[in-house]
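The values are calculated or read from the model by the stated rules, or taken from the named source; none is laboratory data. Everything numeric in this text was worked out from a predicted model, so none of it was measured. FYI the Cβ positions are ideal-geometry reconstructions off the backbone, even for glycines, and counts take in every protein chain you see. Remember, those area values only see protein heavy atoms, side chains included, never the ligands or the DNA or RNA. Shrake-Rupley method; radii C 1.70, N 1.55, O 1.52, S 1.80 Å.
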Amino acid sequence: MVSVYQFCSRNTLIGIGLGQFLSLLITSTGFTSSELAKKGIDAPTSQSFLNYVLLAIAYGSIVLYRRQALKAKWYYYIVLGLVDVEANFLVVKAYQYTSLTSVMLLDCWSIPCVMLLTWLFLKTKYRFKKITGVVVCIAGLVLVVFSDVHADDRASGSSPRIGDLLVIAGATLYAVSNVSEEFLVKNADRVELMAMLGLFGGIVSAIQICILERNELKSIQWSAGAALPFVGFAVAMLLFYSLVPVLLKMNGSTMLNLSLLTSDMWAVLIRIFAYHEKVDWMYFVAFGAVVVGLIIYSIGDRDENRDPLHVALDADHGQRQHDEEAMTSGKS
């Protein structure tokens with residue numbers, strides 16, 4: 001049983017605060033993307049380009065200062081940069097067709113994709129609790145799609161079904177990107193990963209902008225109202241990329257999953273109070289299903305990633321019990 005002192009410990013409170021900050025960062029990226037879509041600005045690759053540039057500058061300078069050879073092959077980072085750019089492109093593009101709430105909820109599709117990919121390629125084993133949580137999450141995601149089709153006022157977007165499919169495709173690519181990052185972090189270096197992702201992500205983005213979005217950028221009437229969402233998106237993404245490893249180190253993946261879950265709540269609040277839009281009743285059912293599913297998933301994650309101190313104490317307790325039984329047997 002967790003004591004009040006353990007629950008209110010410094011690391012726990014910092015983890016809760018940092019987790020909510022990350023949740024707000026994710027919500028802010030959705031908010032800025034939605035704002036640009038409302039202004040008629042359709043340049044999803046351009047939105048992510050500045051983020052990659054900032055990553056390359058911030059972490060690339062550290063790599064150059066170290067003057068060390070890359071720990072992973074450079075062409076791995078090219079593939080990762082391509083996948084990450086297209087994932088961002090598809091998800092941001094979806095805001096042109098569907099609602100902020102749908103994008104935030106459907107983005108959870110990356111969870112079962114990550115589980116499948118890590119099981120296939122990283123040989124990660126999952127217990128029944130995690131699988132149950134994912135099934136419940138998927139049920140909630142299906143309800144999101146039905147709610148978009150069911151909505152009469154179409155406040156959710158011009159073509160919700162297309163938007164939902166774009167989000168699911170983007171979330172699948174996010175899963176590929178996340179699993180690749182997990183592999184590279186274990187076999188290379190976090191700073192090197194961020195620097196190379198920024199470098200090659202920026203190069204891929206620049207090429208794609210020249211091909212797909214050059215005319216769109218020329219047609220934009222640049223003003224503070226148009227430029228600020230671009231900058232806000234990039235800064236939020238930079239902070240998110242940088243702080244996620246800190247939370248994972250302090251509190252583990254359970255805290256991260258539960259913290260990012262609240263981004264859906266912030267998205268619903270923004271839609272109701274900032275946009276003054278009506279939310280279909282099925283959204284709340286879907287949100288409840290996602291909440292329950294992610295809690296079950298996180299409990300399973302906690303069971304599979306127990307605190308090493310507890311594992312050591314249990315082992316020590318078992319060893320002492322074994323020794324006592326041996327002594328008792330010897331005396332008799």
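Could you tell me whether residue 263 is crowded, with 16+ Cβ neighbours inside 10 Å, modelled with pLDDT of 85 or more and touching a helix residue (DSSP H, G or I) at 6+ places or on another chain (Cβ under 7 Å)?
Taking the combined requirement at face value, the residue does not satisfy it.
Quick one: would you say residue 94 is open to solvent by 20 Å² or more (accessible area, probe 1.4 Å) and among the small types (Gly, Ala, Ser)?
Considered against the rule, which asks whether it is open to solvent by 20 Å² or more (accessible area, probe 1.4 Å) and among the small types (Gly, Ala, Ser), residue 94 comes out as no.
For segment 203-244, which positions are over 26 Å from residue 263 (Cβ atoms) and open to solvent by less than 60 Å² (accessible area, probe 1.4 Å)?
204, 206, 208, 209, 213, 216, 217, 220
For segment 118-157, how many residues are at pLDDT 70 or above and charged (D, E, K, R)?
Number of matching residues: 5.
With the requirement that a residue be farther than 15 Å from residue 235 by Cβ and either among the hydroxyl-bearing types (Ser, Thr, Tyr) or not in a helix (DSSP H, G or I) (or both), what does segment 20-31 give you?
23
Please determine, by comparing only the residues of segment 159-195 that are among the hydroxyl-bearing types (Ser, Thr, Tyr) and under 12 Å from residue 86 (Cα atoms), which one is least open to solvent (accessible area, probe 1.4 Å).
Among those residues, the one meeting the criterion is 177.
Output the number of residues of segment 99-117 satisfying the condition of being modelled with pLDDT under 80 and surrounded by fewer than 19 Cβ atoms within 10 Å (Cβ to Cβ).
0
Looking at (1) touching a Lys or Arg at 6+ places or on another chain (Cβ under 9 Å); (2) open to solvent by 70 Å² or more (accessible area, probe 1.4 Å), find the lone condition where residue 79 falls short.
The one condition residue 79 does not meet is (1).
Part of a helix (DSSP H, G or I), at pLDDT below 80 and either under 21 Å from the mean Cα position of the chain (by Cα) or closer than 24 Å to residue 173 by Cβ (or both): which single residue out of 34, 46 fits that description?
None of the other options fit; the residue is 34.
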